[in-house]
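Undergrad: Before I ask anything, here is the structure I am working with.
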Amino acid sequence: MTSAGPDGWSSGAAYEGYIGRWSRLVAPLFLDWLEVPPAADWLDIGCGTGILTRAILGHGDPRSVVGVDPSGPFLEHARTATADPRARFETGSADATGRPDESADAVVAGLVLNFVPDLDGALAEAQRVVRPGGIVAGYVWDYASGMQLLRAFFDAAIALDPAMAEHDEGVRFPITHEGRLAVAFAAAGLDDVRQRPIDIRTEFRDFDDLWNPFLRGTGPAPAYVVGLDEPDRTALRERLRASLPTEPDGSIHLTARAWAVRGRRT
């Protein structure tokens with residue numbers, strides 16, 4: 001995950017309650033699709049709070065997993081939450097991981113590639129680190145339409161503040177649109193590039209369960225919410241509440257789609 005800044009990546013615990021709980025549902029489905037053999041060495045780029053690393057440990061039977069991220073608070077959270085000697089976490093970025101040449105059998109990135117300023121550099125770095133024939137793969141939310149939570153949020157925010165249109169993650173991150181990440185993988189020289197959607201259910205006990213993570217400031221949308229004055233924040237909250245499908249028991253059932261892409265180094 002990116003470092004703290006305009007997008008507010010500053011708290012591992014806050015991220016877990018905001019997007020982490022849904023990333024945990026995507027990660028095992030992504031790993032099943034990759035079919036990396038047991039006893040592999042993995043590199044998790046932009047490991048954030050360690051969600052994908054822990055999924056690899058639980059589902060991939062790895063020999064080792066190294067997670068790299070530029071955010072100190074996220075790395076601290078990942079180390080605390082991951083009690084497995086096969087894993088370690090280091091400071092690094094997607095285009096400068098600090099890992100040796102050909103040191104991994106699989107290089108993966110969960111929900112981070114759209115935040116990377118130099119995607120071409122990141123894919124080149126992944127191919128430097130992965131062994132010949134190894135897997136390079138990642139997944140990103142479909143911000144344009146498939147990630148219903150954030151689509152509803154930005155639609156409500158833009159209705160009240162048209163200037164928010166330029167901050168809409170579906171606009172900011174065209175690489176998350178269907179097919180775009182696969183094109184980037186192929187252009188980077190990876191072979192056998194494949195794409196698939198991963199759809200999950202995102203269910204909230206009630207509106208507070210959905211809204212409260214936006215008040216913790218971690219992530220682009222929450223960073224925007226905490227920057228509003230109270231009347232504007234209240235107006236956004238009520239606009240969003242009115243736009244969501246609410247069950248008779250108060251629960252809210254949405255879906256989220258991630259686009260997953262994989263390729264092989266020649």
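The values are calculated or read from the model by the stated rules, or taken from the named source; none is laboratory data. This structure is a prediction, so every number in the text was calculated from the model and none was measured. Positions of Cβ are generated from backbone atoms using ideal geometry, with glycine treated the same way; all protein chains shown enter the neighbour counts. Remember, those area values only see protein heavy atoms, side chains included, never the ligands or the DNA or RNA. Shrake-Rupley method; radii C 1.70, N 1.55, O 1.52, S 1.80 Å.
Undergrad: Could you list, in sequence order, all residues of the range 114-134 that are open to solvent by 10 Å² or more (accessible area, probe 1.4 Å) and among the aliphatic types (A, V, I, L, M)?
TA: Selection gives VAL116, LEU119, ALA124.
Undergrad: What are the residue pairs meeting all of these: first residue in the range 180-193, first residue on the phi > 0 side of the Ramachandran plot, second residue part of a strand (DSSP E or B) and open to solvent by 70 Å² or more (accessible area, probe 1.4 Å), Cβ atoms under 7 Å, and 6 or more apart or on different chains?
TA: Pairs found: ASP192/ARG264.
Undergrad: Return the pairs, sorted by first residue and then second, in which the second residue is crowded, with 24+ Cβ neighbours inside 10 Å and charged (D, E, K, R), the first residue lies in the range 49-75 and is in contact (Cβ under 8 Å) with a residue 40 or more places away in the chain, the beta carbons are less than 6 Å apart, and the residues are 6+ apart or on different chains.
TA: LEU52/ASP44
Undergrad: Need pairs with beta-carbon distance below 6 Å; first residue farther than 13 Å from ALA260 by Cβ and of a type in the set (D, E, K, R) and within the range 103-120, second part of a strand (DSSP E or B) and open to solvent by less than 20 Å² (accessible area, probe 1.4 Å); sequence gap 6+ or separate chains.
TA: From the range 103-120, the pairs are ASP105/ASP41; ASP105/GLY134.
Undergrad: Still on this structure, I have one more. Those residues that are part of a loop (DSSP other than H, G, I, E, B) and open to solvent by less than 40 Å² (accessible area, probe 1.4 Å), I need them from the range 153-187; list them, please.
TA: The answer is ASP168, PHE173, GLY179.
Undergrad: Moving on. State which residue is modelled with the lowest pLDDT when the search covers only the range 91-123 and only residues that are out of contact with any helix residue (DSSP H, G or I) (no Cβ under 8 Å at 6 or more places or on another chain) and farther than 22 Å from PHE30 by Cβ.
TA: Only one residue fits best here, namely PRO117.
Undergrad: If you check GLU203 against the conditions, is it within 21 Å of the chain's Cα centre (by Cα) and open to solvent by 70 Å² or more (accessible area, probe 1.4 Å)?
TA: It is true that GLU203 is within 21 Å of the chain's Cα centre (by Cα) and open to solvent by 70 Å² or more (accessible area, probe 1.4 Å).
Undergrad: Could you count how many residues in the range 210-234 are surrounded by fewer than 15 Cβ atoms within 10 Å (Cβ to Cβ) and either touching a residue at least 12 places away in the same chain (Cβ under 8 Å) or not hydroxyl-bearing (Ser, Thr, Tyr) (or both)?
TA: Here the count works out to 8.
Undergrad: Follow-up. Does VAL193 qualify as being at pLDDT 95 or above, part of a strand (DSSP E or B) and not acidic (Asp, Glu)?
TA: Yes, satisfied.
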